[in-house]
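These notes are about the structure you will find just below.
The values are calculated or read from the model by the stated rules, or taken from the named source; none is laboratory data. As the structure is a computational prediction, the values presented were derived from the model and not from experiment. Cβ sites come from the backbone with ideal geometry, for glycine too, and all protein chains shown count toward neighbours. With ligands, DNA and RNA removed, areas are computed over all heavy atoms of the protein, side chains included. Shrake-Rupley method; radii C 1.70, N 1.55, O 1.52, S 1.80 Å.
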Amino acid sequence: MRTAERPRWRGLAAAGVVHGAALAVLGAFAWILGDLLVAGLGQVDWAFLTAPPQDAGRAGGVGPILASTGILLAICLVVAVPLGLGAAIFLAEFTPAEGRLGRLVRRSLDVLAGVPSIVFGLFGNVLFCKTLGLGFSLLSGGLTLACMALPLIIRTAEASLRAVPPGLRQSAVALGMSRTSVVRHLLLPAAAPGLLAGFVLGVGRALAETAALIFTSGYVDRLPESILDSGRALSVHIYDLSMNVPGGDHRAAASALVLVVALLAINGASALAMGRFGRRLGAR
Amino acid sequence: MLSAVIVLAIFGLVLAEAAPLIARVGPAAFFTDAGWQPTSGRFNLSPMLWGTLLTAAGALLLAGPVGVLTAVHGRFYAPPAWARVQRRVVELLAGIPSVVYGFWGLTVLVPLIARLAPPGPSLLAGILVLALMILPTVTLLADAALAAVPAEQLQGAAALGLGRWATVRGVALPAARAGIGTGVLLALGRAVGETMAVLMVCGNVVQVPESLADPVRTLAANVALEMAYAMGDHRAALFVAGALLTALAALLVALAAVVGRRHAHG
């Protein structure tokens with residue numbers, strides 16, 4: 001009797017702990033997002049999104065900061081997408097999955113993905129700001145972000161290229177298509193949704209980044225006039241308002257809300273693209 | 001190829017900025033000097049190293065069990081539809097920027113802690129915020145590892161009449177051990193390298209903390225705080241901190257790869 005009783009009691013206790021952990025996680029995050037909504041929602045309107053900040057950010061909006069953020073992301077994408085795509089095609093099509101070169105590249109990608117963002121900031125500061133003489137500028141920041149987004153883009157792009165069914169490739173070879181035209185006319189279209197999802201994830205990572213931007217793109221909150229001007233990203237704005245500007249918390253909450261909504265939209269778009277990708281492959 | 005070049009360039013450039021100072025004062029100076037007064041030639045980084053290790057370890061102690069249990073909940077306890085929703089939510093949380101976690105910690109958590117154990121910005125606040133930040137990483141990777149447990153093993157357990165918890169503890173968790181280990185190590189790497197959130201809630205006093213309520217400064221936060229005005233040797237010392245951080249993170253990635261590979265063979 002007792003031996004039968006004990007496991008059941010223990011199973012119930014374990015179930016309680018397991019359910020409790022899951023609830024605690026969801027609860028904590030509902031708390032965070034709820035707080036942001038309550039603190040930020042009343043302030044976000046069209047004027048906030050377009051007006052320049054006033055009084056060090058305590059009043060006014062985030063217009064120029066959104067512009068700087070957009071330019072940073074554009075630079076990051078323009079650099080990282082062709083490089084990442086090229087590297088992924090090379091990895092997926094021209095190196096065997098278990099070859100030595102492929103392994104070396106993949107290993108260094110893993111390390112690159114694990115490098116702390118602040119170290120990317122140091123690196124960008126030395127290479128782009130000092131050595132290449134770009135100074136604190138949107139260009140330096142965008143290039144640093146591109147280095148950070150590359151591992152993510154390469155990895156997802158390689159995975160989606162490898163997911164293209166081998167039958168497609170074999171029939172293309174049987175038809176006598178050259179390797180470049182196989183890549184151009186067959187692989188890229190077939191893998192497009194997965195590639196897109198990877199790019200979107202890369203943008204998301206760049207948008208969330210703060211630490212790497214402080215010493216590369218700088219703090220200036222005016223509307224930038226060229227990509228060699230310093231510009232403040234939205235995440236840096238939140239940091240500056242909450243740490244360095246007494247009384248900046250309200251506007252920081254509003255900015256944080258804008259940032260989180262933008263990221264949720266981006267992740268949603270990526271999930272959508274991935275979902276379509278899965279369906280397309282499943283249909284074949 | 002390109003990525004290998006970037007990795008080398010990062011290590012190379014960071015080390016090149018740090019090397020002259022290391023060569024001049026010797027590597028031991030960064031652990032035995034009388035304090036961190038970089039403008040007067042004292043470069044002791046060890047309080048910051050302790051700050052980094054303590055916050056990261058504390059966060060892992062909290063987030064590790066909770067994250068694994070949440071993954072177990074999603075795989076073995078929750079109805080499938082609810083588990084899908086839960087997974088989607090955790091995925092979204094993984095994308096929330098660190099500066100937002102930091103802001104929340106600063107405006108909500110720190111005042112709360114200040115009421116219980118002043119001054120508020122503290123090791124405890126850092127641990128809590130970091131734990132929240134790495135929870136999604138632990139949960140998602142543990143979830144993937146549990147999903148990869150062969151169905152026959154679980155069916156075998158069911159055929160033996162094992163209860164749900166006995167199946168989880170006796171079959172699923174041991175089988176997913178390597179995957180969960182990899183996830184925990186990667187999460188630890190993220191915690192070690194995290195800058196903004198920790199910078200915003202930890203108080204940033206250079207000291208080895210004596211209690212959870214003491215403020216601390218981490219290596220990453222130190223770089224972020226002082227880089228803006230650092231010159232000469234001071235700047236070089238910050239690059240030493242950066243190199244130290246990179247080495248820690250690379251070590252964790254390598255460990256994770258070893259754990260993952262053993263899994264593939266076993």
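For the stretch A:52-283, calculate the relative contact order in percent as a whole number, restricting contacts to Cα pairs under 8 Å that are 6 or more residues apart. It would help to have the intermediate numbers written out before the result.
On the way: 332 pairs, mean separation 69.1, N = 232.
For the stretch A:52-283, the relative contact order is 30 percent.
Averaged across the residues of B:15-21, what count of C-beta atoms belonging to other chains lies within 10 Å of each residue's C-beta?
Mean inter-chain Cβ contacts per residue within 10 Å come to 1.
Return the carbon/sulfur percentage of the accessible area of the protein assembly as shown, one whole number, probe 1.4 Å, all protein chains in place.
On the way: 16080 of 23690 Å².
After summing per-atom areas, the C and S share lands at 68 percent.
Find how many whole Å separate the alpha carbon centroid of the stretch B:19-70 from the alpha carbon centroid of the stretch A:160-201.
After rounding, the separation between the Cα centres reads 47 Å.
Out of residues 5 or more away from B:Thr218 or on other chains, whose amide H comes under 5 Å of its own, with H placed 1.01 Å from N in the peptide plane?
none
Could you compute how much accessible area chains A and B hide from each other, both sides summed, with a 1.4 Å probe? Nearest 100 Å² is fine. Could the numbers behind the result be given before it?
Working: alone 15320 and 13690 Å², together 23690 Å².
Buried area between the two chains comes out at roughly 5300 Å².
Counting partner chain Cβ atoms within 10 Å of every residue's Cβ in A:254-265, what's the average? Spell out each step's value before the answer.
Values: counts 0, 3, 9, 1, 0, 5, 5, 0, 1, 5, 3, 0.
Mean shielding count: 3.
What is the packing order of peptides A:242-255, A:166-179, taking the mean over residues of other C-beta atoms within 10 Å and listing the highest first? Numbers along the way, then the final one.
Values: A:242-255: 20.1, A:166-179: 11.5.
Output ranking for A:242-255, A:166-179: A:242-255, A:166-179.
Could you give each residue of the stretch B:176-189 its phi-based ³J(HN,Hα) in whole Hz, using Karplus coefficients 6.51, -1.76, 1.60 with θ = phi - 60°, and x for Gly or Pro?
9, 3, 5, x, 5, x, 4, x, 5, 5, 5, 5, 4, x
From the backbone phi of the stretch A:100-115, what are the Karplus-calculated ³J(HN,Hα) couplings (6.51 cos²θ - 1.76 cosθ + 1.60, θ = phi - 60°) in whole Hz, Gly and Pro given as x?
Coupling constants for the stretch A:100-115: 6, 4, x, 5, 4, 5, 5, 4, 5, 4, 4, 4, 4, 5, x, 5 Hz.
Obtain the nm distance between the two label points defined at B:Arg169 and A:Ala28 by a simple spin-label model: each point lies 7 Å from its Cα along the Cα-to-C-beta direction.
2.4 nm
Within the stretch A:33-132, list the trypsin sites (Lys or Arg not before Pro) lying in a DSSP loop whose Cβ has at most 16 other Cβ atoms in a 10 Å radius. Don't skip to the end; give the middle numbers.
On the way: sites: A:Arg58, A:Arg100, A:Arg103, A:Arg106, A:Arg107, A:Lys130; in loops: A:Arg58.
For trypsin sites (Lys or Arg not before Pro) across the stretch A:33-132 that sit outside H, G, I, E and B with at most 16 neighbouring Cβ atoms in 10 Å, the list reads A:Arg58.
Return one whole number: the accessible area per residue of chain A in Å², for a 1.4 Å probe. Could you put the intermediate results ahead of the total?
Numbers: 12650 Å² over 284 residues.
Heavy-atom accessible area per residue stands at 45 Å².
Just to verify a number: FRET efficiency for B:Ala57 and A:Arg184, C-beta to C-beta distance, R0 = 56 Å, to 0.05?
Working: r = 50 Å, r/R0 = 0.89.
It comes to 0.65.
To the nearest Å, what is the center-to-center distance of the stretch A:129-149 and the stretch B:219-247, using C-alpha atoms only?
Each part reduced to its Cα centre gives a spacing of 18 Å.
Over the stretch B:42-242, what is the mean sequence separation of C-alpha contacts under 8 Å (at least six apart), divided by residue count, expressed as relative contact order in percent? Mind showing how you got there, number by number?
Values: 280 pairs, mean separation 67.5, N = 201.
Here the relative contact order equals 34 percent.
Please list, in chain and number order, the residues 5+ apart from B:Arg42 or on another chain whose amide H is under 5 Å from its amide H, with Hs placed from the backbone.
When sequence neighbours closer than 5 places are left aside, the close amide H contacts are B:Gln37.
What average count of beta carbons from other chains do you get within 10 Å of the Cβ of residues in B:61-72? Don't skip to the answer; put the middle values down first.
Details: counts 0, 0, 1, 0, 2, 7, 2, 2, 9, 9, 3, 5.
Rounded to a whole number, the mean comes out at 3.
How large is the accessible surface of A:Glu209 in square angstrom, using a 1.4 angstrom probe and rounding to the nearest 10?
Spelled out: A:Glu209, probe radius 1.4 Å, area about 20 Å².
Quick one: Cα centre-to-centre distance for the stretch B:248-262 and the stretch B:163-211, in angstrom?
14 Å
Efficiency by 1/(1 + (r/R0)^6): what FRET value for B:Ala254 and A:Thr50, r their Cβ-Cβ distance, R0 = 51 Å, to the nearest 0.05? Numbers along the way, then the final one.
Values: r = 48 Å, r/R0 = 0.94.
After rounding, the FRET efficiency stands at 0.60.
Provide the per-residue ³J(HN,Hα) series for the stretch B:236-244, in order, calculated from phi with Karplus coefficients 6.51, -1.76, 1.60 and θ = phi - 60°, each as a whole number of Hz, with x at glycine and proline positions.
Going residue by residue, I get 4, 5, 5, 5, 4, 4, x, 5, 4 Hz, with x marking Gly and Pro.
Whose amide H sits under 5 Å from the amide H of A:Gly60, counting only residues 5 or more places off or on another chain, with H placed in the peptide plane?
Amide H to amide H, under 5 Å and 5 or more residues apart or across chains, A:Gly60 pairs with A:Gln54.
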